[in-house]
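For reference, the structure discussed in these notes is given below.
Read-outs: derived from the displayed coordinates by stated rules, not from any lab. Since the structure is predicted, the reported quantities are computational estimates derived from the model, not experimental observations. Neighbour counts are summed over all protein chains in view; Cβ atoms, including those assigned to glycine, are modelled from backbone coordinates with ideal geometry.
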Amino acid sequence: EILLLVNGHGGIGKSTLAARYYHNYKHEYEHLAWLLSEKSIANALLKLKGSLGFTVDQNKLTLAEQLEKVLTKLAQLTKRSLLVIDNANELDDLQENYLALRRCSNLHILLTTRITEFDTVPRFQVKGLDDPFAKELFKKHYPNHDEDENELLEELLENIDYNTLLIELLAKNLKELNRLEFQYTLS
């Protein structure tokens, strides 16, 4: 069983990294699932009912009973399987569902999360981009960058911890705002 937390700040690239793994290694798995943990891990897992080949009359079973059926089906999968749960960001929710996830010892489970204080599970921390990659990403999305502002760009990138999402947002906004005429500098 592999249970791994891919953690880091929001916008740093956790989901992108998990998606890259998912697509690069999908041929090694018989079963694949990507779930978004919008409200809770349990609610995300319940979305698998149909994919696992059964329906549950929600009026007859409690949510806990429905979750138990899903976990039982997952634990019975005989082939190598990958389960990605994206945005599992609530510590209480992870603590509540940790043992249930561990029951599925036949699954490789990746959880993308902002949680940093859950030491029971191995973690892979995603950090900001290296300086050259951050500049390259900025210039990719804003090719009209004025080289005279490189010092300011370096300071800005450092202050936002080289966060991928923030770099892209800034560069794309500058490109859009300067689309018809040059109005806004990096400063």
- Query: Do any residues in the range 121-133 that are within 29 Å of LEU101 (Cβ to Cβ) have Cβ atoms under 9 Å from those of residues that are hydrophobic (A, V, I, L, M, F, W, C) and exposed (fewer than 13 other Cβ atoms within 10 Å of the Cβ), where the two are at least six apart or on different chains, and which pairs are they?
  - Reply: PRO122/ILE2
- Item | Scan of the range 141-168 for residues that are closer than 22 Å to LEU17 by Cα and either surrounded by 14 or more Cβ atoms within 10 Å (Cβ to Cβ) or in contact with a Phe, Trp or Tyr (Cβ under 6 Å, 6 or more places away or on another chain) (or both), ordered by number | HIS141, LEU157, ILE160, ASP161, TYR162, ASN163, THR164, LEU165, LEU166, ILE167, GLU168
- Given the structure, is LEU36 closer than 18 Å to ALA100 by Cα and either without any contact (Cβ under 8 Å) to a residue 40 or more places away in the chain or under 23 Å from the mean Cα position of the chain (by Cα) (or both)? yes
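Listed here are the residues, each with its yes/no results for (1) closer than 30 Å to SER40 by Cα; (2) basic (Lys, Arg).
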site	(1), (2)
ASP119	yes, no
LYS127	yes, yes
LYS135	no, yes
PHE138	no, no
GLU147	no, no
LEU152	no, no
GLU158	no, no
ASN163	yes, no
LEU166	yes, no
- Message: Take ASN89 and tell me if it is in contact with a strand residue (DSSP E or B) (Cβ under 8 Å, 6 or more places away or on another chain) and either hydrophobic (A, V, I, L, M, F, W, C) or under 13 Å from LEU5 (Cα atoms) (or both).
- Response: yes
- Task: Residue by residue through the range 161-187, note down the ones that are in contact (Cβ under 8 Å) with a residue 24 or more places away in the chain and under 18 Å from ILE12 (Cα atoms).
- Result: ASP161, TYR162, ASN163, THR164, LEU165, LEU166, ILE167, GLU168, LEU170, ALA171, LYS172
